[in-house]
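Below is one structure, written out as structure tokens; comments come after it.
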Amino acid sequence: MAAHQEKKLAQERKHKPSQNDTQTSQAQWGRAWEVDWFSLASILFLLLFAPLIVYYFIMSCDQYQCSLTDPLRDLLTGNKHLSDIWNKTPPLTYQAAGIYSLWVAFQVVLYVFVPDFCHKFLPGYVGGVQEGAVTPAGVVNKYEINGLQAWIITHVLWFANAYYFHFFSPTIIFDNWIPLLWCANILGYAVSTFAMIKGYFFPTNAKDCKFTGNFFYDYMMGIEFNPRIGRWFDFKLFFNGRPGIVAWTLINLSYAAKQQELYGQVTNSMILVNVLQGIYVLDFFWNEAWYLKTIDICHDHFGWYLGWGDCVWLPYLYTLQGLYLVYHPIQLGTASAVGVLMLGLIGYYIFRVTNHQKDLFRRTDGNCRIWGKKPEYIECSYMSVDGTKYYSKLMTSGFWGWARHFNYTGDLLGSLAYCLACGFAHILPYFYIIYMTILLTHRCIRDEHRCSSKYGKDWKHYTAAVPYRLIPGVF
């Protein structure tokens, strides 16, 4: 969920591209054209083990009270066999399949068929039809930004059911959590496979496709840049934001309801996780139009990495803190609770203000004030696949003068706060901060490799002006 990227704007000069120009510009965007052995090994590892990692974490909570070591100890000592653990795992059920099908269908309806109305009465909110960034082929896609609306409608219905209609229990998600995992896997693999077939036989824009000739890499990282069905159903925007992120807060609410059912109260640690992660989710949807300019939309192709990842990895592993607190309810002391809250809010403040500074700078083309002064910047140029030359300004003022990805630093502080709310008895809830640190560090390196290829010597000038990536004076 944490990402940023330059907005393609400002002046442009067209010239007739040579073959070398085309090859250079193609290398500047998105994933690789050729696959080395290390990349292939990494891809195969993720394809094989990422689904097992998700299963292992969820199974550990279901059968071992969230201990990550006890299952291994049982297997290594012969107390249990893999078949024993698997036989105790709840199977796919018709109830879970029905719940999941209705959930995804409902989100599709809200996404495709209900135009945004929130931007008409919410001051400062940007919704409705918005333009994305220019693609490598020079295309500018339009999007119906209505994620905040979908989130509001969904949660209004959730609370209406919980307090008035009582059609289903608020614990329904927790009670069907593992059967729903199988449903999420089916959708994740189905949409990833469909996206690959579509890229080969009926792409939305053939010029925005990349083929390496390696089946596993193309399946993992995607072929099409912006696969679409019809005018508005955009695979990347839908699966990045819906159904996984809309569900994030519902999942946490279901965990809180289960705590209430089991123990007669909801602990302050569960409330903190719900509040802090809820702020993050609401921020995502409030700034969904800004999200069109991030690395996920601007550079990543749509494959298993996004398709399966958004269906399974995100909703199941980003909510581990709430799941853990169902099995281990923790009532924090006042000082600890305030400390966790302040850390989460400080992290969110840095994340939001850093992104706001860049967005303000881009929207005004540098004609603004950052921390009371006119911002400094380095002007860079790059070319699209059709030979069009574009210009970008990379800001070196404000938080962006402290580090090149200081918004990620704020994101990591918020992530740490979620984990600290769970105490120190188990490592499982800390998977999130470990994973986010690896993800965002890798994203920094991946982003900068692309920017170096894209901007050339201009990028060297920028990194000389802002020498640190995440932590000023350290990294």
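The values are calculated or read from the model by the stated rules, or taken from the named source; none is laboratory data. All values reported here derive from a predicted model rather than from experimental measurement. As a convention, Cβ positions derive from the backbone with ideal geometry for all residues, glycine included, and neighbour counts pool all protein chains shown. Note: areas computed on protein heavy atoms with side chains; ligands, DNA, RNA excluded. Shrake-Rupley method; radii C 1.70, N 1.55, O 1.52, S 1.80 Å.
Listed values, structure above:
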quantity: In the stretch 110-126, residue nearest to the chain's Cα centre (by Cα) [restricted to those that are surrounded by 11 or more Cβ atoms within 10 Å (Cβ to Cβ) and in a helix (DSSP H, G or I)]; calculated: TYR111
quantity: Residue count for the stretch 411-439, restricted to those that are surrounded by 22 or more Cβ atoms within 10 Å (Cβ to Cβ) and among the small types (Gly, Ala, Ser); calculated: 4
quantity: Condition check for PHE49: under 26 Å from PHE239 (Cα atoms), outside the structural domain of PHE225 (by the TED database) and out of contact with any helix residue (DSSP H, G or I) (no Cβ under 7 Å at 6 or more places or on another chain); calculated: yes
quantity: Which numbered condition GLN63 misses (of (1) surrounded by 15 or more Cβ atoms within 10 Å (Cβ to Cβ); (2) out of contact with any Lys or Arg (no Cβ under 7 Å at 6 or more places or on another chain)); calculated: (2)
quantity: Failed item in (1) at pLDDT 95 or above; (2) of a type outside the set (Gly, Ala, Ser); (3) not in a helix (DSSP H, G or I), with LEU75 passing the rest; calculated: (3)
quantity: Selection within the stretch 226-273 - among the charged types (D, E, K, R), more than 20 Å from PHE284 (Cβ to Cβ) and part of a loop (DSSP other than H, G, I, E, B); calculated: ARG231
quantity: Of all residues making up the stretch 440-467, the number that are assigned to a loop (DSSP other than H, G, I, E, B), of a type in the set (Val, Ile, Thr) and either open to solvent by 80 Å² or more (accessible area, probe 1.4 Å) or over 24 Å from TYR348 (Cβ atoms) (or both); calculated: 0
quantity: Answer residue from the stretch 75-85, given it is surrounded by 11 or more Cβ atoms within 10 Å (Cβ to Cβ) and within 35 Å of the chain's Cα centre (by Cα) and is farthest from ASP175 (Cα to Cα) among those; calculated: LEU75
quantity: Scope the stretch 345-398; condition touching a strand residue (DSSP E or B) at 6+ places or on another chain (Cβ under 6 Å) and either under 28 Å from VAL281 (Cα atoms) or assigned to a helix (DSSP H, G or I) (or both); matching residues; calculated: GLN357, PHE361, LEU394, MET395, SER397, GLY398
quantity: TYR382 being surrounded by fewer than 21 Cβ atoms within 10 Å (Cβ to Cβ) and touching a helix residue (DSSP H, G or I) at 6+ places or on another chain (Cβ under 8 Å); calculated: no
quantity: Every residue from the stretch 251-264 that is open to solvent by 10 Å² or more (accessible area, probe 1.4 Å) and of a type in the set (A, V, I, L, M, F, W, C); calculated: LEU253, ALA256, ALA257, LEU262
quantity: Condition broken by VAL191, with the remaining ones in (1) closer than 14 Å to PHE235 by Cα; (2) surrounded by fewer than 19 Cβ atoms within 10 Å (Cβ to Cβ) satisfied; calculated: (2)
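Yes/no matrix, rows are residues, columns are (1) closer than 28 Å to VAL129 by Cα; (2) aromatic (Phe, Trp, Tyr):
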{"residue": "CYS209", "(1), (2)": "yes, no"}
{"residue": "PRO227", "(1), (2)": "yes, no"}
{"residue": "LYS236", "(1), (2)": "yes, no"}
{"residue": "LEU253", "(1), (2)": "no, no"}
{"residue": "THR267", "(1), (2)": "no, no"}
{"residue": "LEU272", "(1), (2)": "no, no"}
{"residue": "TYR280", "(1), (2)": "yes, yes"}
{"residue": "ASP283", "(1), (2)": "yes, no"}
{"residue": "GLU288", "(1), (2)": "yes, no"}
